[in-house]
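**Q** One structure coming up, written as structure tokens, with questions to follow.
The values are calculated or read from the model by the stated rules, or taken from the named source; none is laboratory data. This structure is a prediction, so every number in the text was calculated from the model and none was measured. FYI the Cβ positions are ideal-geometry reconstructions off the backbone, even for glycines, and counts take in every protein chain you see. Note: areas computed on protein heavy atoms with side chains; ligands, DNA, RNA excluded. Shrake-Rupley method; radii C 1.70, N 1.55, O 1.52, S 1.80 Å.
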Amino acid sequence: MGRKGDTGVMCRSIKTLRPPALPEQATEADIRAAALQYVRKVSGFRAPAAHNQEVFERAVEAVAQATAELLDGLEIRGAAARQAS
């Protein structure tokens, strides 16, 4: 799926947003920050030029939405047992 020479290593500034890496549920701010980091990494722009701002923001929103859906749908085995302790 990756390009030639791709190591498959995720950008270090995007943190895992599910337990046990994050002890509580990820907030909307956590999800948006991760989405922003992803879009910055993929696009190569820290801050897009004015003519790219709209598409950049749409991408951040789409990634944030997909991330929220992913986190809501994940079943973390043993999470209930850890929370009960």
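**Q** Tell me which residues, restricted to region 29-58, are touching a residue at least 24 places away in the same chain (Cβ under 8 Å) and of a type outside the set (S, T, N, Q).
**A** Ile31, Arg32, Ala34, Ala35, Leu36, Tyr38, Val39, Lys41
**Q** Return only the number of the condition from (1) open to solvent by 90 Å² or more (accessible area, probe 1.4 Å); (2) at pLDDT below 95; (3) not in a loop (DSSP other than H, G, I, E, B) that Lys15 does not satisfy.
**A** All conditions pass for Lys15, except number (3).
**Q** Say whether the condition of being in a helix (DSSP H, G or I), surrounded by 13 or more Cβ atoms within 10 Å (Cβ to Cβ), modelled with pLDDT under 75 and among the small types (Gly, Ala, Ser) is met by at least one residue in region 62-81.
**A** Yes.
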